[in-house]
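First up is the structure itself, then whatever we jot down about it.
The values are calculated or read from the model by the stated rules, or taken from the named source; none is laboratory data. Values in this document were obtained by computation on a predicted structure and should not be read as measured data. A quick note on method: Cβ atoms are made from the backbone with ideal geometry, for glycine too, and the neighbour counts reach across all protein chains shown. Ligands, DNA and RNA are stripped out before the accessible areas are found, and what is left, the full protein with its side chains, is counted by its heavy atoms. Shrake-Rupley method; radii C 1.70, N 1.55, O 1.52, S 1.80 Å.
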Amino acid sequence: MDQRYGRPPTLNRPIDDLAALDPARFDASFDRAFSIVAFVMNRHLVDHMLRSARRFDIDFETLVVWAVLAHQNCAHLMPPGSLPSKVLQDDGRLGSEYDRALRPLRLRDVAQITHIPRETVRRKLNILRELGWIVEAEQGWMLNRDKTDPELREFTLETARRFLAAASDVVRALRDAEKQIG
């Protein structure tokens with residue numbers, strides 16, 4: 001653990017239930033807990049970006065290009081609220097029948113979404129292709145599904161644990177603030 005970013009996240013306590021927060025008092029609770037909520041969220045984001053850059057040995061802009069490409073390729077297959085039982089196989093992945101359903105993303109679209117200049121995006125896409133993380137298709141760029149290896153899955157598992165620990169800290173801060181405003 002990097003001591004600069006606080007305690008290591010753990011899931012040895014139950015995840016707090018967001019539904020228990022009073023929606024009518026959420027904004028007031030947020031205002032009361034603002035600094036703690038902002039700190040926890042920023043700590044999580046910085047930790048995640050640093051872990052990602054170190055693990056994949058790429059710069060932050062390349063991470064952003066990769067993330068946007070990944071989301072845009074399959075966002076239509078996993079709308080908000082999707083259940084694993086409806087879209088995923090037993091191994092937690094989209095089935096091979098979805099290969100044709102993935103939506104390639106053109107360079108200009110990546111540049112427009114990220115606000116990164118086109119030539120920079122072109123260089124970042126080429127870096128990701130050389131690393132094997134993406135492939136160029138006829139109509140644009142796509143994730144290389146074969147590159148989802150056990151190490152990437154382990155990294156994502158740890159990311160999920162850290163995310164849920166941060167979410168639990170935010171919920172606890174909001175609940176405490178809610179009690180204080182009565």
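Tabulated values for the structure
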item	result
Residue that is within 28 Å of Met41 (Cβ to Cβ) and at pLDDT 95 or above, where the choices are Arg162, Arg172	Arg162
Condition met for Leu174 (touching a residue at least 40 places away in the same chain (Cβ under 8 Å) and surrounded by 15 or more Cβ atoms within 10 Å (Cβ to Cβ))	yes
Members of the stretch 142-168 found to be over 19 Å from Ser52 (Cα atoms) and open to solvent by less than 20 Å² (accessible area, probe 1.4 Å), listed by number	Ser168
Subset tally (residues that are in contact (Cβ under 8 Å) with a residue 40 or more places away in the chain and touching a strand residue (DSSP E or B) at 6+ places or on another chain (Cβ under 6 Å)) for the stretch 111-142	5
Neighbours by Cβ (under 6 Å, 6+ apart or cross-chain): first from the stretch 20-31, touching a residue at least 60 places away in the same chain (Cβ under 8 Å); second surrounded by 15 or more Cβ atoms within 10 Å (Cβ to Cβ)	Leu21/Leu174; Arg25/Glu178; Ser29/Leu174; Ser29/Ala177; Ser29/Glu178
Selected residue (criterion: nearest to Leu152 (Cα to Cα)) from residues of the stretch 1-33 that are modelled with pLDDT under 85 and hydroxyl-bearing (Ser, Thr, Tyr)	Thr10
Subset of the stretch 80-110 [touching a strand residue (DSSP E or B) at 6+ places or on another chain (Cβ under 6 Å) and in contact (Cβ under 8 Å) with a residue 40 or more places away in the chain]	Leu102
Qualifying residue in the stretch 34-50 (condition: among the acidic types (Asp, Glu), modelled with pLDDT of 95 or more and either surrounded by 12 or more Cβ atoms within 10 Å (Cβ to Cβ) or part of a helix (DSSP H, G or I) (or both))	yes
Residue that is most open to solvent (accessible area, probe 1.4 Å) [pool: residues in the stretch 51-71 that are touching a residue at least 12 places away in the same chain (Cβ under 8 Å) and among the aliphatic types (A, V, I, L, M)]	Val64
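So that you can scan it fast, the table gives a plain yes or no per residue for (1) within 16 Å of the chain's Cα centre (by Cα); (2) open to solvent by 80 Å² or more (accessible area, probe 1.4 Å):
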position: Asn73; (1), (2): yes, no
position: Pro79; (1), (2): yes, no
position: Gly92; (1), (2): no, no
position: Ala101; (1), (2): no, no
position: Leu105; (1), (2): no, no
position: Leu128; (1), (2): no, no
position: Gln139; (1), (2): no, yes
